[in-house]
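**Q** Handing you this structure, nothing more for now.
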Amino acid sequence: MRERVIEVSDLRKSYGDVEAVRGISFHVERGEVFAMLGPNGAGKTTTTEILEGYRVPSGGSASVLGHDPARRERSLKERMGIVLQSTGIDPFLTVAESIEMYAGYYPSRRPTDEVIDVVGLSEKRDTRVNKLSGGQQRRLDVAIALAGDPELLFLDEPTTGFDPSARRNAWEVVKNLIAIGKTVFLTTHFMDEAQYLADRVIVIANGLIVAEGPPASLAGRDQMRTRIRFRLPETAPHPDGPVRRLADGSLEIDVDATDTTKAVHDLTGWALDRGVVLESLEITQPSLEDVYLQLTGAEVGM
Amino acid sequence: MNDVALTARQVRYTNTAFWRNPQAAFFTFAFPLMFLVIFTALLGKGTVTLDSGLEFNQSTYYVASMSAFAIITACYTNLAISVTFQRDAGILKRTRGTPLPGYDYLAARVTHAILIALILVAICSAFGAIFYGADIPTGVALMQTVAVVLIGAGSFAALGLAITALIPNAEAAPAEVNATILPLLFISGVFIPVENAPKWVDVVGKIFPVRHLVEAYLGAYYGQPLFDFSWRDVGVVALWGVAGIVFAARRFSWEPRR
């Protein structure tokens, strides 16, 4: 078993009468990307900020790199990098100066230019922070968190507010972090982000864990039924079996995941035999989003 | 790095950022000078009769009182508002998540405020010497003046950090900071000499550090026979400073309250 970098047991946090985190347990292993997925207000940031040492839990325990984060020990902070959900940088320093300033707080550092390169800000090296776009500032956040060469990185919703291409770039940055051996604790409310980046995911809703596992098999997603959808010309005959007709006129078949291959074979064989064209043929597995909406259903639309 | 090296390094970054905001820097320095010119033009033609019966030019009085004002502006008003803005911007929270000890960060902010106060006082003194014939002290008086500036600046910076604990967010900062300091500036002889003021002004003013800073500065800067320099005034200012440090240490907040 790999070393457990984070260990959380029955963690709870109340603000007055409101219980934001209601007893959650999980662990993060060295070298993995661990994602905490959930809607706004689910308790993600509260949990993250307990692990970062900003909040003291009301109950349960949390251990980060063998330390109790609530003690805010310098020796722990020297080994972790934090990208907060919303945070500022002095607007009048340049990209390189900001990174150097923060790097100076840590005993071990990565070279400034290497860090700038990892986040793709080389062209902006000597630009002042107030001249950067929102996405560039977010990448600088990541660069600053990396500057002290931490073993463990917290990324709290690192791509919220990004346009799609900036999000892709940010994902590449995180992939680069994994390549250089970091452990990453990520929170997000984007399913595709968790799917693309995470080795393991927990889904949290209303302060409780509602599912956990690798994104591909989360909540039995790999066991769920596959959906085959196609259109037929008006004159064509109907295939046998349980076929539904949808409002837009297309047809749909649901099959067990294990039967998908055979079902597709049967359907296409049937079409070939009759010389029928299956228009707009689609074979879809339930997306992580389907699973997520199902799991957090009560909370969606808050 | 030890605390002193970390603090010194942080002062350098604070200073770099300070001078890169030229408008803020310009008005930090222009403000006390502007007041010096305005008050002297409006009220500085005459003389003040001191308790001792001696007469004193109001223009030279203002050179000293505006130096005290400059110390308070740089260390109390500006520091409190700037720290509150940094807190709202999340800069303090970010710093809190790094290994830099919080007191090193705050020590750097205080040190930088004291440096700005020193420059401000130097400008006021030079201006006063050139335009109002207010001689710059030498020898012991100069040492005493420097001591008053350093202790005064440090104490008001500590109070500036302390007040941020009572300010919920940056929008509230200018109003709260001014509400706490402006009345004191008026009843403590900074803008208007209080030699002939009603009794209550005298009594209330002497509770707070502003009046003592002004008197310590006048005493150190001009000295005998016009003014007595008393370490007691410096001591009262320092006590307020210590109270500010104690309060800030217990209550300083790294995140805004909303």
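The values are calculated or read from the model by the stated rules, or taken from the named source; none is laboratory data. All values reported here derive from a predicted model rather than from experimental measurement. When we count neighbours, we look across all protein chains shown, and the Cβ atoms used for this are built from the backbone with ideal geometry, even at glycine.
**Q** Kindly establish whether A:Arg139 is more than 25 Å from A:Thr46 (Cβ to Cβ), buried (at least 16 other Cβ atoms within 10 Å of the Cβ) and within 12 Å of chain B (Cβ to nearest Cβ).
**A** When the stated conditions are applied, A:Arg139 does not pass them.
**Q** Take the residues of segment A:101-129 that are in contact with a helix residue (DSSP H, G or I) (Cβ under 8 Å, 6 or more places away or on another chain), of a type outside the set (Val, Ile, Thr) and in contact (Cβ under 8 Å) with a residue 40 or more places away in the chain: which is farthest from B:Arg87 (Cα to Cα)?
**A** A:Gly120
**Q** Hey, another quick one. Looking only at strands (runs of 3 or more DSSP E) that lie completely in segment A:1-110, which have at least 2 residues being over 20 Å from A:Pro158 (Cβ atoms)? Quick ask: steps written out before the conclusion?
**A** Values: elements: A:4-15, A:18-29, A:33-37, A:59-64, A:80-83.
Result: A:4-15, A:18-29, A:59-64.
**Q** What pairs come up if the first residue lies in segment A:266-290 and is within 22 Å of A:Pro233 (Cβ to Cβ), the second is surrounded by fewer than 13 Cβ atoms within 10 Å (Cβ to Cβ) and at pLDDT below 75, and their beta carbons are under 6 Å apart, counting only those six or more places apart or on different chains?
**A** Every condition considered, no pair remains.
**Q** Just need a number here: residues in segment A:12-34 that are farther than 22 Å from A:Pro214 by Cβ and either surrounded by 17 or more Cβ atoms within 10 Å (Cβ to Cβ) or touching a Lys or Arg at 6+ places or on another chain (Cβ under 7 Å) (or both). Spell out how you get there, then give the answer.
**A** Our first condition is that a residue be farther than 22 Å from A:Pro214 by Cβ; within segment A:12-34, this holds for A:12-23.
Adding the requirement that they be either surrounded by 17 or more Cβ atoms within 10 Å (Cβ to Cβ) or touching a Lys or Arg at 6+ places or on another chain (Cβ under 7 Å) (or both) leaves A:12-13, A:19-23.
Qualifying residue count, segment A:12-34: 7.
**Q** Something else: Kindly provide the set of residues from segment A:35-64 that are surrounded by fewer than 19 Cβ atoms within 10 Å (Cβ to Cβ), within 14 Å of chain B (Cβ to nearest Cβ) and touching a residue at least 60 places away in the same chain (Cβ under 8 Å), ordered by number.
**A** none
**Q** Filter segment B:21-48 down to the residues that are touching a strand residue (DSSP E or B) at 6+ places or on another chain (Cβ under 7 Å) and of a type outside the set (A, V, I, L, M) and list them by number.
**A** Initial filter on segment B:21-48 (touching a strand residue (DSSP E or B) at 6+ places or on another chain (Cβ under 7 Å)): B:47-48.
Across segment B:21-48, the qualifying residue is only B:Thr47.
**Q** Which of the helices (runs of 4 or more DSSP H) contained wholly in segment B:6-96 include at least 2 residues that are away from chain A (no Cβ under 11 Å)?
**A** On the way: elements: B:22-43, B:58-72, B:78-88, B:91-96.
Once the helices (runs of 4 or more DSSP H) in segment B:6-96 are filtered for at least 2 residues that are away from chain A (no Cβ under 11 Å), what remains is B:22-43, B:58-72, B:78-88.
**Q** Still on this structure, please answer the following. Suppose we keep only residues that are out of contact with any Leu (no Cβ under 8 Å at 6 or more places or on another chain) and farther than 15 Å from A:Val142 by Cα within segment A:72-89. Which one would you say is surrounded by the most Cβ atoms within 10 Å (Cβ to Cβ)?
**A** A:Lys77
**Q** Somewhere in segment A:115-125, is a residue aliphatic (A, V, I, L, M) and within 9 Å of chain B (Cβ to nearest Cβ)?
**A** In the first step, residues of segment A:115-125 are kept if they are aliphatic (A, V, I, L, M); the result is A:115-116, A:118-119, A:121.
Next cut, within 9 Å of chain B (Cβ to nearest Cβ) only: none.
Scanning segment A:115-125, I find no residue that is aliphatic (A, V, I, L, M) and within 9 Å of chain B (Cβ to nearest Cβ), so the answer is no.
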